[in-house]
1. For the range 54-102, how many residues meet the condition of being within 20 Å of G32 (Cβ to Cβ) and outside any strand (DSSP E or B)?
2. Just to be sure I understand the filter: pairs with C-beta atoms under 7 Å, separated by 6 or more residues or on different chains, first member in the range 53-68 and more than 16 Å from E118 (Cα to Cα), second member open to solvent by 90 Å² or more (accessible area, probe 1.4 Å). Which pairs pass?
3. For the range 132-174, enumerate the residues that are within 21 Å of V29 (Cβ to Cβ), surrounded by 13 or more Cβ atoms within 10 Å (Cβ to Cβ) and among the aliphatic types (A, V, I, L, M).
4. What tally of residues in the range 65-79 results from selecting those that are open to solvent by 50 Å² or more (accessible area, probe 1.4 Å), at pLDDT 95 or above and hydrophobic (A, V, I, L, M, F, W, C)?
5. Inspect all residues belonging to the range 32-47 and state whether any of them is under 27 Å from V93 (Cβ atoms) and in contact with a strand residue (DSSP E or B) (Cβ under 7 Å, 6 or more places away or on another chain).
6. So Q67 passes all but one of these: (1) more than 18 Å from N27 (Cβ to Cβ); (2) over 14 Å from the mean Cα position of the chain (by Cα). Which condition number does it fail?
7. For residues that are more than 24 Å from L131 (Cα to Cα) and buried (at least 17 other Cβ atoms within 10 Å of the Cβ), tally how many sit in the range 80-113.
8. Give D157, D171 a once-over and let me know the one that is under 17 Å from A116 (Cβ atoms) and over 12 Å from the mean Cα position of the chain (by Cα).
Amino acid sequence: MLKRSLFLLAILCTAPLAAQAADFDYNYVEGGYASVSPSGSGSSLTGFEADGSYEFMPSWHAIAGYQHVSCCGIKQNTLDVGAGWNNSLADSVDLYIDGQFLSVDSTGPGTHTGWAAEGGLRAMLAEKFELDGFVNHSDVNSNTENTLGVRGLFAIDKYWHLFASYSNNSDYDTFLIGVRYNF
């Protein structure tokens, strides 16, 4: 009897979340402040990042982004271009998988190219709050990285959102904060 009551209570508590049908938007541009902190370094490279996504077919989107960070005589510019696939797993959860071409230009080593693959879940936790989790694997000039990250978005209205993102791998931590415009 207790198990049945707890099960019913769990269903009743999650019903409002399921009722919030989330139409995740893959048409956006965003920009903001970027901070990249190399492991074992006392200073962070700071600058800006701009990126966007455009849904060109149902469940398919193109992506592009640019990041410029610098500190202490070091500059790094990263350009990414790619495409992705997305699919609804539930009313308030989407799965996405992206593939990207990367170009990284750093002071010292110069420009190197490579690729990245990212997969993640977008979850609408409340009417105006989205939380995303993702994993990324990249290979630039035979240097591979596996990165875990989390991103939160708060909707000001239908078009404007505030976001913050944190990701970590063995070489650096990255923190982003900015604004997104959905179109």
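1. Result for the range 54-102: 0.
2. H68/F48
3. L153, A155, L162, A164
4. Residues in the range 65-79 being open to solvent by 50 Å² or more (accessible area, probe 1.4 Å), at pLDDT 95 or above and hydrophobic (A, V, I, L, M, F, W, C): 1 in total.
5. Kept after step one, since they are under 27 Å from V93 (Cβ atoms), are these residues of the range 32-47: 32.
Still in the running and in contact with a strand residue (DSSP E or B) (Cβ under 7 Å, 6 or more places away or on another chain): 32.
Yes, that holds for at least one residue.
6. Every condition holds for Q67 apart from (2).
7. The number of residues fulfilling the criteria is 2.
8. Details: D157 fails: under 17 Å from A116 (Cβ atoms).
From the options D157, D171, the qualifying one is D171.
The values are calculated or read from the model by the stated rules, or taken from the named source; none is laboratory data. Worth saying up front: this structure is predicted, and the values here are computed from it rather than measured. Note that we place each Cβ from the backbone using ideal geometry, even for glycine, and neighbour counts take in every protein chain shown. Side chains included, ligands, DNA and RNA excluded: accessible areas come from the protein's heavy atoms. Shrake-Rupley method; radii C 1.70, N 1.55, O 1.52, S 1.80 Å.
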